[in-house]
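Okay, so here's the structure we're looking at.
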Amino acid sequence: MVVAYHPSTATTPSPHVESNPYSVALAQYDRAVRYLNLKENTIEFLRYPHREFTVNFPVVRDNGKLEMFTGYRVHHSTVLGPSKGGIRYSLAVTLDEIRALAMWMTWKCALAGIPYGGAKGGVVVDPKSLSARELEALTRRYAAELIPLIGPNSDIPAPDMGTNAQVMAWIMDTYSMTVGYSVPAVVTGKPLNIGGSLGRSEATGRSVITCMIEALKRQNMNHPDDVSIAIQGFGNVGSNAAHYAHSLGYKVVAVSDVFGGVYNPHGLDVPALQRYTTETGSVVGFREADSITNDQLLTLSCDVLIPAAMEGQLTEENAPYIRAQIVVEGANGPTTPEADDILNDRGVLIVPDVLANAGGVVVSYFEWVQDLQAFFWDEEDIYKRLEKQMQHSYRATENTAEEHGVDMRTAAQMLAIRRVADAFETRGVYP
Ligand code: NAD
């Protein structure tokens, strides 16, 4: 089968975009490899996305008019196994963003110790601007264009911003209809009734809290009711993190969403807040709490801050005023490199995204394993395996940070890059 790969001409990001995520990903990579004593050839190889695919495709809108859309899929690495990574529907999608996210997936999977490379995909579209029929048509056409790239042994998509379990079901069905038989393992994050896994939607929030608990141990903060937590974002990651932390006895004092936030220094009733949010669509106006802004939430007096909304939230401007001792990154890329330096200098412990939010991809891996063996595990089994995996990754990262005198982000990247580099050198260069 012939695949029209986009020529890999632009492995250097466009220079005029200062906050280009691919520049950030490459800068982090360059910083980590300085400590690793890798061969020059290996450093060069790992810097490049393996393959990049760009497609322009038509969708007929409900009014009968044809509209063209652009989609991408980037495989950063296939060294450790099939590539794995979400599909994002957003107007902000660019090839450089997808490249960065694919590279971060490579490190996230390697750090979590799961046998996957890294990938990411996206379509430039506001999914809310489409009817249900249009969204299905867009998804099925994009999936059909991806057929040469995706598969249970080659590249396994999952949901990301703007996509969900239903979108995964349409991709799974399109792939299955093309090959002629059902292939549940081609995507993860599917609905349960077609081979999804128990615990998948809670997984990322839980992994964030497991990492928080490990970080608190280091500060000798072992009593949950003494620990106050502020969480930015109350979607999948934020609300599940809040729920799990609350169930373990921690005080969730503030949460926010895109409309604003709520604060109660004595702790919020998280289950009641979840019911309120389901009814009203926002945390704003929740009883027994004061209203705050997102900016106020980030600089609240609390022990742990969990940014779980979007990238670029902790910046050069607000980093000097952040009062939490521990930041656990639920979102991908919530801390700018400038804020990272300021917080590290101030002694704030940052548990990086590639470590803390890996629960989603770890349980995606469990889903794929269950699909391949057509044998499904119970929720308790999944949570136990997830916790063990996260604790193991956390401690390995902490040990590397201490051994080399580096921050946790650099340590996480070092561990991950080392694992991929070793596998690359063992495999050798083809032909
Ligand atoms: P989501 O869409 O379910 O929730 C996002 C939340 O952030 C919502 O409450 C939204 O109102 C809020 N938000 C959006 N813009 C905001 C703003 N400007 N200020 C404050 N709040 C804002 O998304 P999610 O799945 O929870 O993902 C959140 C982050 O976590 C993203 O960076 C995502 O890439 C990352 N992540 C998610 C998973 C997963 O399994 N869902 C896994 C790894 C990483």
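The values are calculated or read from the model by the stated rules, or taken from the named source; none is laboratory data. Being a predicted model, the structure only gives us computed values, none of them experimental. No Cβ is skipped: glycine too gets one built from the backbone with ideal geometry, and neighbour counts run over all protein chains shown. Ligands, DNA and RNA are stripped out before the accessible areas are found, and what is left, the full protein with its side chains, is counted by its heavy atoms. Shrake-Rupley method; radii C 1.70, N 1.55, O 1.52, S 1.80 Å.
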Close pairs (9 angstrom Cβ cut-off, 6 or more residues apart or separate chains): in the same structural domain as residue 255 (by TED's automatic domain parsing) and open to solvent by 30 Å² or more (accessible area, probe 1.4 Å) in the stretch 272-289, in a helix (DSSP H, G or I) and not aliphatic (A, V, I, L, M) anywhere
274/239; 274/243; 285/276; 287/276
Among the residues of the stretch 91-129, write down those that are among the small types (Gly, Ala, Ser) and open to solvent by 10 Å² or more (accessible area, probe 1.4 Å).
92, 113, 129
Quick one: in the stretch 251-271, which of the residues that are surrounded by fewer than 17 Cβ atoms within 10 Å (Cβ to Cβ) and within 22 Å of residue 321 (Cβ to Cβ) is farthest from the ligand (Cβ to nearest atom)?
265
Near pairs, Cβ below 7 angstrom, 6+ apart or cross-chain, from the stretch 224-248 (outside the structural domain of residue 303 (by TED's automatic domain parsing)) to any residue that is aliphatic (A, V, I, L, M):
none
Selection from the stretch 159-169 of residues of a type in the set (A, V, I, L, M) and open to solvent by 10 Å² or more (accessible area, probe 1.4 Å) yields 161, 165, 169
Going by what's in this entry, would residue 312 be described as of a type in the set (Gly, Ala, Ser), under 20 Å from residue 241 (Cβ atoms), open to solvent by 30 Å² or more (accessible area, probe 1.4 Å) and touching a Ser or Thr at 6+ places or on another chain (Cβ under 8 Å)?
yes
Close pairs (9 angstrom Cβ cut-off, 6 or more residues apart or separate chains): at pLDDT 95 or above in the stretch 312-327, of a type in the set (Gly, Ala, Ser) and open to solvent by 40 Å² or more (accessible area, probe 1.4 Å) anywhere:
323/301; 324/301; 325/347
Filtering the stretch 216-230 down to residues that are over 20 Å from the mean Cα position of the chain (by Cα) and of a type in the set (A, V, I, L, M) yields 216, 221, 227, 229
Given (1) open to solvent by 20 Å² or more (accessible area, probe 1.4 Å); (2) within 13 Å of the ligand (Cβ to nearest atom), number of the condition residue 325 does not satisfy
(2)
So residue 338 clears everything in (1) more than 10 Å from the ligand (Cβ to nearest atom); (2) in contact (Cβ under 8 Å) with a residue 40 or more places away in the chain except one condition, right? Which one?
(2)
